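Q: Sharing a structure here in structure tokens format.
The values are calculated or read from the model by the stated rules, or taken from the named source; none is laboratory data. Every value quoted in this text rests on a predicted model; they were computed, and no experiment measured them. For neighbour counting, all protein chains shown are included, and Cβ atoms are generated from backbone atoms with ideal geometry for every residue, glycine included.
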């Protein structure tokens, strides 16, 4: 091939390259710009839209619709105040319509209920609240309970068990020294207390003891009968208050 032919072929190739180069450069630039925009859209894509249900109308045309959370109508101070008043106000209960055929039954339905009747503290039987006293006697110079004295104590047990306090007072006749009679009077009071405890008095019952020999005679010591009456123990108790007969429960 001659040199002139080589030169002509080289010149044609150079011209072809010069003609094809600008479109290729533009196409690559377009591709690069398109990829960049797509990447940017993927990276900076907006977050999903938040929706909420809100009341968009008031009054008789009240309705609820979906709306963007940021653009939903918000309740005003006036609206909140009205809503609070509506919640605080008690609901009115309609009264039943009168029925001409029911008579007293309709009146009974509309009459307010009366509170239950309770027993007042003063509605008690005077006899049940009174203080009671029994006397048991002893043999001369003895502090032992006789069979009759035990029966007396057993008979008062139901009431004594309801008494918060029991007073026991020991006494003697006039015979003997003062010191001996004081000891004898106390031993008699202790004998009554111990027997009452064997009859199972409540643990909350308070028993108060007192004893004195030459004291508080109930009869003349000059006679046998009088001295026998003075050798005694007085048991005083007060049964707890009971409902009076016929009082409402």
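Q: Quick one: residue 178 ticks every box in (1) surrounded by fewer than 17 Cβ atoms within 10 Å (Cβ to Cβ); (2) at pLDDT 95 or above bar one, so which box is it?
A: Condition not satisfied by residue 178: (2).
Q: For the structure I just gave you, tell me whether residue 184 is under 56 Å from the mean Cα position of the chain (by Cα), part of a helix (DSSP H, G or I) and more than 23 Å from residue 132 (Cα to Cα). If you could, list the steps in order and put the result at the bottom.
A: On the way: under 56 Å from the mean Cα position of the chain (by Cα): yes; part of a helix (DSSP H, G or I): yes; more than 23 Å from residue 132 (Cα to Cα): yes.
When the stated conditions are applied, residue 184 passes them.
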